[in-house]
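Where a number appears in this text, it was derived from the coordinates with a stated rule and is not lab data. Not measured: the values here are computed from a predicted model. Cβ atoms come from the backbone with ideal geometry, glycine included; neighbour counts cover every protein chain shown.
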Amino acid sequence: MNIIDSGFSLEIRRIRNSIERSNRKDFVTTYTEREYLNGKTANERVLILRTRGCSWSYHSGCSMCGFWEDTNPNIKGEDIEKQVDEFLQMYPKGDVLKVFTSGSFLDPLEIPKEKQATILKKFEDSYDFVIIETRPEHVNKSIEMINKYAGKIQVAIGLESTNPKVLKYSINKNYTFEDYKRAALLLHENGISVRTYVLLKPPFLTEREAIEDSVNTIKDVIPYSDIISLNPLNVQKGTYVEYLYKSGRFRPPFLWSVIEVLIRTKNEEVPVVSLITGAGKKRGAHNGHTCDGKVSEAIRKYSETWDYSYIEKLDCQCKLDWENFKNAESKISFPIGEFL
Ligand SMILES: [Zn+2]
C-alpha cells in the first residue's frame, strides 16, 4: 500500500466537488431491511433525510463517502421537518426506525438544535426504537436532549477503524478512537445504546491487511458497542475511492473476506452484522464468481439471526482463488514501514 502525502484531504475535496449536488428538498429515500437487533430479528424502516450534508465534507470529507450527491446546501430546518411529516404520513408506525442524514443527526449545522428535538420527538412518538447516526463530536452537547429516550434510542457512530494510521491516511476521518470512546462511554453512562460501524477495506490496504484491520477494530470496539455493523466498502460516485477504482488501484473486498472477519470475531456479547450495499456487484463486496448470490444471501441470513451456521460451512471452488489473490497481493505490494 502507499502512504499518501498531506494533499490527501485536498484531493478528496477536489474530486468530491466535481459532482453535482441536489436541488431537491424532499427526503432522499425510504426502504426496509432486517437485522438482528436487541435480541431478535427486527423489521426496520430506513429513512434518509436530505440535509445540507456532513460538516466535515464542507472541509474535506472521508475518502469513501459519496453521500454529498444527495445533499442540498440550501436546506433549512423547516424543510427537514416537512420531510419528516411527509414520511410519517406515509409510514406512521413501526418497530424500528433508522434515520440517516448523509451526515450527523446531532450536528446543529445540519439540523438546528430545536428542530432535532422536535423531529426526534415525532419519531419517538411513532416508532418503538429509533436509531440515529452522528460523528462523536456532536454527542456531548446533545446528551440531555437524547437521554430522555434511553432504552428507545440507539446512536450509531461510523468509527470505521481503530488504527490511527488507517483513520488518518486511508479514510481521512478527522477524529480518533479516543474521540469515539469518549462519546460511546457518555452514551452508555446515560443508558443509551451504541452501534459502531466498521469499514472493511479502506483504500491502500491489501485484502489481508483489510481483514486484519477489521478484526482488530471489532475486538477493540466490543466493550463500547451494543451492536457492530461491518460495512464492506462499496465504490460510490464522486469519491477518492472511485478515482482509485477507475484507475485500477482499488478492488472492493471479497465476500469471503467479510465471512472471515465475521467468523474470527464471533463472540458472546455483541452481535456483529453485515448488511452489504451492492453485494455481489462490481462496486460492492463480491467474489466475482457464480457463488456471489448464494454467499450474499448467507451473510444476509446470518445478519438477520446472528446464527453463524449460515456462514460457517459455506464453501466454493473460488475460495482457493481468494486465498491465492491474498498471497499474490501480499508478495507484490511494497510495505512501507509498519503501516498496520
Ligand atoms: Zn465461488
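Data overview
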{"item": "Ordering of 24-36, 182-194 by packing [mean C-beta count within 10 Å, highest first]", "result": "182-194, 24-36"}
{"item": "Efficiency of FRET from Cβ geometry, THR41 and ASP321, R₀ 30 Å, rounded to 0.05", "result": "0.35"}
{"item": "Alpha-carbon centroid distance for the pair the stretch 1-78 / the stretch 108-167, whole angstrom", "result": "15"}
{"item": "14 Å reach of a label modelled at ARG283, 7 Å along Cα-to-Cβ, counting backbone N of the stretch 49-86", "result": "64-70"}
{"item": "For the stretch 27-79, average projected area of the Cα convex hull in nm²", "result": "5.2"}
{"item": "Residues whose placed amide H lies under 5 Å from that of LEU159, excluding near-sequence neighbours", "result": "TYR197"}
{"item": "Alpha-carbon Debye profile of the chain, log10 I(q)/I(0) at 0.09, 0.11 Å⁻¹", "result": "-0.46, -0.71"}
{"item": "The stretch 242-275 versus the stretch 209-232: alpha-carbon centroid distance in Å", "result": "10"}
{"item": "Values of log10 I(q)/I(0), in the order q = 0.09, 0.11, 0.15 Å⁻¹, for the stretch 1-152 under a Debye, Cα-only, solvent-free model", "result": "-0.31, -0.46, -0.82"}
{"item": "Whole-number percent relative contact order across the chain, with pairs defined as alpha carbons under 8 Å at least 6 apart", "result": "17"}
{"item": "Extension gain from THR118 to GLU144, taking 0.36 nm per residue of separation minus the Cα-Cα distance", "result": "8.0 nm"}
{"item": "GluC sites (Glu not before Pro) restricted to DSSP loop in the stretch 219-304 with at most 10 other C-beta within 10 Å", "result": "GLU268, GLU269"}
{"item": "Size of electric dipole in the chain: Cβ of Lys, Arg +1 and of Asp, Glu -1, about Cα centre, debye, nearest 20", "result": "700"}
